[in-house]
Amino acid sequence: MTIRAFQIFRTVCETESVTAAAERLGVSQPAVSAAVKELETAYGVSLFDRMNRRIYLTQEGRVLRRYADQILALADEAAAAVRDGRGEATCRLGVNMTVAETVLSDLMARLKRALPGTEIAVRVHNCEAIERMLAENELDAAIIDRAALPGTVSEPLWEDRMLVVAGPWAPDRLSAEELAGQRLLLREKGSGSRECVDALFASLGRGAAPAAESTSTLGLAEMARCGMGYAVFPERLAGRFCADGRLKPVALDGGPLKRTYYLVRMEKKYVTAAADRMMNAVKACFAEGF
């Protein structure tokens with residue numbers, strides 16, 4: 001059995017198709033089938049059921065998939081460690097949408113100056129997707145507003161304030177109860193911004209029923225400008241969106257919502273020298289402020 005066989009097997013699992021796996025990997029369908037057959041012969045089991053021109057993982061296939069992910073994760077770590085020792089440093093950093101829209105450009109400029117020999121690949125998704133990428137060894141570290149995730153190590157970076165914004169017609173102040181009864185324009189489920197709002201309403205025994213949901217804060221700002229309701233943005237973005245006077249901040253009784261951002265990595269993941277330098281540089285950047 002080879003690492004390549006496990007890579008092909010995982011791709012077939014992800015695509016649920018030999019044809020699609022072959023296209024993704026840039027190899028022939030017979031090569032994909034041969035790799036799967038190699039694993040089935042080695043373990044003496046069937047990894048897929050083939051029915052109605054589709055394939056489905058068997059119970060044995062599901063078990064092997066878990067081990068294949070671990071095997072490939074270890075192979076990736078070994079390759080990263082070897083490359084790092086030769087000075088070929090590459091790191092993978094995940095950030096959520098709020099980080100990307102507020103401080104990422106400044107952060108990357110500082111990291112480039114601090115780590116001239118390191119290539120940093122950035123992945124931008126919502127918090128839920130970033131957590132999954134961490135668990136699947138697709139990232140070395142991430143900046144998200146969730147701590148104490150299972151199997152992770154997290155360090156606080158900075159505290160962010162969330163502000164309610166709406167058109168000039170809105171009152172200057174609302175209670176949380178009053179806000180819960182308004183038309184809400186919120187980020188999608190799985191985002192840190194949405195979780196912040198959901199937690200506020202949960203503390204009141206209420207649930208958020210948004211009039212609109214979006215992955216785009218700009219889209220939400222435009223809807224708020226058109227009078228469609230109230231949005232909740234990080235303070236940095238709220239200031240930008242309110243600059244032209246078409247939106248204004250609405251004070252929330254009890255003070256603004258707050259959330260803390262953390263630098264997160266998997267506890268058992270091997271930390272290369274390059275990844276360690278990157279994480280230290282990230283912490284230094286946030287300590288200096290933006």
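Numbers for the structure displayed
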read-out	value
Estimated D of region 3-83 in µm² per second, where Rh is the Kirkwood radius over Cα pairs and Stokes-Einstein applies at 37 °C, 0.692 mPa s	252 µm²/s
Under 26 Å from the Cα of residue 248 - lysines, other chains or at least 8 residues apart	189, 258
For region 3-83, with +1 on Lys and Arg beta carbons and -1 on Asp and Glu, the positive-most of 58, 43, 28 along the dipole	28
Acute angle (nearest 10 degrees) that the helix 29-43 long axis makes with the longest principal axis of the chain, alpha-carbon atoms	80 degrees
Gain in span if fully extended, residue 112 to residue 74, counting 0.36 nm per residue against the direct Cα distance	10.9 nm
Options (1) 13.7; (2) 16.2; (3) 19.0 - which one matches mean projected area of the Cα convex hull in nm² as calculated here	(3)
Separation of the residue 52 and residue 199 label points, Cα + 7 Å toward Cβ, nm	4.4 nm
Net charge contributed by nearby residues that have their C-beta within less than 9 Å of residue 269 (K/R +1, D/E -1)	-1
D_trans [Stokes-Einstein, Kirkwood Rh over alpha-carbon pairs] for region 78-206, 10 °C, 1.306 mPa s, µm² s⁻¹	92 µm²/s
Size of charge dipole - region 160-259 - debye, nearest 20, with Cβ of Lys, Arg +1 and Asp, Glu -1, no other charges	180 debye
Over the chain, relative contact order from alpha-carbon pairs under 8 Å, at least 6 apart, %	22 percent
As computed over region 127-189, the Cα convex hull volume per residue (Å³)	144 Å³
Cα-centred dipole magnitude for region 22-108, charges only on beta-carbon of K, R (+1) and D, E (-1), debye, nearest 20	420 debye
Cβ crowding within 10 Å averaged over residues, with 61-73, 44-56 ranked highest first	61-73, 44-56
Degrees separating the helix 3-15 axis from the principal Cα axis of the chain, which is the longest one	50 degrees
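Laboratory data are not the source of any read-out in this text; all were calculated from the coordinates shown. All values derive from a computational prediction rather than experimental measurement. Counting neighbours? That spans all protein chains shown, and the Cβs are built from the backbone with ideal geometry, glycine included.
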